[in-house]
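The values are calculated or read from the model by the stated rules, or taken from the named source; none is laboratory data. All values derive from a computational prediction rather than experimental measurement. Because the Cβ atoms are built from the backbone with ideal geometry, glycine has one as well, and the counts that use them run over all protein chains shown.
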């Protein structure tokens, strides 16, 4: 999967951001994806409350919450916000809920919601999300 590119520190930085962003809008699912086309890593964050009407405002909130927290492990340009009804979010929720665990679920499939991927790391439900000890 290119999992060697997704290290514990990056997973933890994503978890910290997702917990923080959940205070702004309830996060339905969050997950890292390794793009099959480019090997780039993206943190997808899905919420029922994000849609075309507030998409730009939500990205402004991403920048606000990350400002002053510069990290080599999470760049705002890696974050993709989407509505929970998007196919990729729906698939991620199905996988997460099929294998419930308090830790990140590593998914080695080649597709998620019809998107070609080299793999994914899906966070557990936000209420149980913890940073790796």
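Filtered by the rule that a residue be in contact with a helix residue (DSSP H, G or I) (Cβ under 8 Å, 6 or more places away or on another chain) and surrounded by fewer than 17 Cβ atoms within 10 Å (Cβ to Cβ), segment 27-39 gives a lone residue, 39. Condition first: part of a helix (DSSP H, G or I), on the phi < 0 side of the Ramachandran plot and either surrounded by fewer than 21 Cβ atoms within 10 Å (Cβ to Cβ) or at pLDDT 90 or above (or both). Can you find one or more residues in segment 47-55 that meet it? Yes - at least one qualifying residue is present in segment 47-55. You will find that of 114, 119, 68, 108, the residue that is in contact with a helix residue (DSSP H, G or I) (Cβ under 9 Å, 6 or more places away or on another chain), surrounded by fewer than 19 Cβ atoms within 10 Å (Cβ to Cβ) and at positive phi is 114 and no other.
So which of 109, 113 is farther than 21 Å from residue 12 by Cβ and in contact with a strand residue (DSSP E or B) (Cβ under 9 Å, 6 or more places away or on another chain)? Residue meeting the stated conditions: 109. The residues of segment 85-124 that are assigned to a loop (DSSP other than H, G, I, E, B), modelled with pLDDT of 95 or more and under 12 Å from the mean Cα position of the chain (by Cα), listed by number, are 123, 124.
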